Structures are given as C-alpha cells and as structure tokens.
C-alpha cells in the first residue's frame, strides 16, 4: 500500500528555472522512481534525489504565467501530497551579460542592465532598458565593458567601465560623459546618503568620489578575481563582496570613516548584494553548497532565499519584486519585499 506523502517544508520557497529546492517530507515512497513526480502547478520538475523524508527537485521553466505562483506537490502513482505555495521567477530578458547588480529607477519603474561583453569587446548596446511591462529596448551605447550601474539622488545614471577605469555620468540625452577617471579596474558602484560615489577597483581599493568628481582611496581590501559589489545598509555602512580564490568567503563592512570589518563569513563566491527596507541583506552566493540569493538578517540568521544557477546580482523594485540577474538573463519574482530605496537619501 502506498502511503500519502506529506510535504512539511520547502527551502527556499522561490527559484529561477534551473534552481534546486529541497523538500522535507514524510511517506515519499521512491522505491518505484518511474511513478514519482514533483509538480509546480501543472509543470513537472526534475527529481534529482529522493528518499522517504527528503526530495531535491530542479525547478522547471513555467510556460503559463498563471503557474508562476505555482502550488508545489509530490505525487506517487495516483496519490498526491498536500500542496505548498511556491514562486517561479518570470524571465524578462535574455542574451545579456551583466556582471553586477541590475539597477532600478524609481522615477520610471524601469530596470537597467549591462551587456558587458568579454574583455575589451565593444558591443553595439552597452545598457539595456526593461520597462515595468517587460519590454526590452536599447538604452545606451559607446561604453566598453560597462559594469556597475547606480543612480544618484537626482535620478542621474552612472556607469562604471572595467575596461578604461572610468565612471561615466549619463546625460538626459543619453550621452556618456566621464565623471571620474583612472580608478583601476572599476566595477561596483554605490552612492551614500550625502551623495558621495563609491567605486570598487577589484585590484583592492574602494574609492570615495565627491560630487565634483574628486577621488581618493577610502578603504583597502583583498583583490577580487572578478568584481567588487557594493551596497549601503540602513546603518550608513558600506557592504562589499568580492570573490577571491577561496570557497569560504565574507561580506565586508566599512564604516563611514573607512574602517574595515567582517560582517559575515561562510559564503561561496558572493557577488551582487542589496538591502530591503527592514535592514535584511540579500547576497548572490552559495550557502552549504546550494546557489542562489542568501538572506542575512541583522542578527546574522542566514537562509537560502531564492534558488538559482549562474546568478550575479539583484535589485528590488518599489512594488515588491526581486529583479535577479544571471550571467545572461534577467528574471523577476514577486515576493512582497521593498528595497531600501528611499532610505539612501537624507
């Protein structure tokens, strides 16, 4: 007799297609694997590991938008388990090449993402615009290897280039004007609440740049093998990740005076990061061997929040969506989380 399987817990409860989720369960009889299924709405996922009490499933790509809020259930033969809520991210764009966070513009609701290209490659479009409805269109050209994107308090866009060491200020006419030069391998950028720009040179320096374009060394970190990623917390400290050759890495925390300390250690290849308006930090990283977006509370409680492969960055919009960037795609998933947008400016 086949017992009725029961799902007790799903971790995480949201994923991009291709991400793995772990189901803690009871009575899942996997002895006849051919009659076992995991369904996201009506779409089957691929079961990669199964026992009576634990099932690992790869999330499928959902064809029907209604299934993005899919109910997840297990099936053995003709017997179905209880259902649990699960969110599958919606793909907005592909054929891109972001290497840091996408950027959200609260004035327009648009998302901006780079097509960075290989080293020294000049691509036809440097920055793409994604509208709230998901329409993708070219926005900016003529920056080689665009990397970080950030908006100042007046809504002006800035873009770093890891190719020529510059950060560009983008005019209302979409002209890229050098704002500050000679910042090494310029990668992640962020603004503090006073309007100062911070730029991560992946060779080991975080620069502080005044609103007049004057730069000086603010802090020194271990060099990164790919990029520095920057975000300001509600405490006005600058939080930084920068993957190295280690598989057990840290999120660093830099005080307003430039003092460096370790905020959290234990992540694999941490990259893009962002804060919500409750002060929780979200980092693209691996946690205990599982890749996705990791949530770290102010009390250092840690969990895998969104599962996904090949992720590089994230951003929050102002209506509760998480915008997730992989090495080639942009996805969106509605989780009711507001980013720390309005708290960055005094």
Task: Sorted by Cβ density within 10 Å, fewest first, the residues 36, 25 - done: 36, 25
- [ ] Mind ranking 160-167, 201-208, 131-138 by how tightly packed they are, going by the mean number of other C-beta atoms within 10 angstrom, highest first?
- [x] 160-167, 201-208, 131-138
TODO: Give the percent of DSSP beta bridges with both residues in the chain that are antiparallel, rounded to the nearest 5.
DONE: 95 percent
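Can you give the FRET efficiency to the nearest 0.05 for residue 260 and residue 164, using r as the Cβ-Cβ distance and R₀ = 22 Å?
0.20
Would you list 83, 262 from fewest to most Cβ contacts within 10 Å? Before the final figure, lay out the partial values.
Details: 83 14, 262 9.
Ranking 83, 262 by Cβ neighbours within 10 Å, fewest first, gives 262, 83.
Taking neighbour counts of Cβ atoms within 10 Å as a proxy for exposure, in what order, fewest first, do 107, 249 appear? Each step should come with its number before you reach the end.
Working: 107 8, 249 22.
Final ranking by Cβ density, sparse to dense: 107, 249.
Sort 171-182, 188-199 by the packing proxy (mean of other Cβ within 10 Å over each peptide's residues), most packed first.
Numbers: 171-182: 13.2, 188-199: 20.8.
Top of the packing list down: 188-199, 171-182.
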- [ ] Quick one: among 76, 88, 322, which has the greatest mean-square fluctuation in a GNM of the chain with alpha-carbon springs under 10 angstrom?
- [x] 76
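Any read-out appearing in this document is the output of simple, stated calculations on the displayed coordinates, not a laboratory observation. All figures in this text were calculated on a predicted structure; none of them were measured in a lab. Positions of Cβ are backbone-derived with ideal geometry, glycine not excepted, and every protein chain shown enters the neighbour counts.
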